[in-house]
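Data block below; observations after.
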Amino acid sequence: WQGLWPRLTLEDLRIAPQPEGGAALSIAAVEVTLGLRQSLQAGEPVLEQLRLSGLALTVVRQADGRFQIAGLPATRTPLLSWLLRQQAIAVEDLTLQLRDQQGKGPPQHFTGLRLRLSQSGSSTVLRGQAPLEVALLAIPLAVAAVPEGLPAVVTVALSMGVQRMARHRVLVRRL
């Protein structure tokens, strides 16, 4: 308990063992804080906060172009629907492996990523951060693996530059 809020911590959680060893989803630590008032109002458990640390997962792009977490069902389960209704989900130190079954490149590995999913009324916000080295490596890899992804990669690169300029309060008077 933290004050009036119950808190649960799980360590070394592994979900969906793989035939080649390891797990489709492994988490070093899960920290859950239950919102008592919200849970009583909703009639179901409502998490004040869900923090996943050291999450490692493999995402596979199927031959039909859809993305799926390896080892987990492709359909939306009641548990996943409930998780996505929570107020805040934070993922720290994410290790992500991307595999492409369309044959457009070797598996790609990303480490040290951070994600935050927030709910506010009917809107959902997903924010992510990657170490600069990962972002600089991801851009050429994405273009090499999927040439049609170039417009998206250019947009991401330009937005990173604009965010940096905004932090320095840059005013552009003429382009």
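Readers should treat all values here as calculations from the given coordinates under stated rules, not as data from a laboratory. Since the model is a prediction, treat every value here as computed from it, not as a measurement. Note that we place each Cβ from the backbone using ideal geometry, even for glycine, and neighbour counts take in every protein chain shown.
On the basis of the beta-carbon distance and an R0 of 45 Å, residue 164 and residue 38 show a calculated FRET efficiency of 0.75. Efficiency by 1/(1 + (r/R0)^6): what FRET value for residue 29 and residue 82, r their Cβ-Cβ distance, R0 = 22 Å, to the nearest 0.05? FRET efficiency, residue 29 to residue 82: 0.60. Shown is the FRET efficiency for residue 154 and residue 75, computed with R0 = 30 Å from the Cβ-Cβ distance and rounded to the nearest 0.05: 0.30.
Put simply, when 160-167, 99-106 are sorted by average Cβ atoms within 10 angstrom per residue, most first, you get 99-106, 160-167.
Subtracting the Cα-Cα distance of residue 15 and residue 68 from their residue separation scaled by 0.36 nm leaves 17.6 nm.
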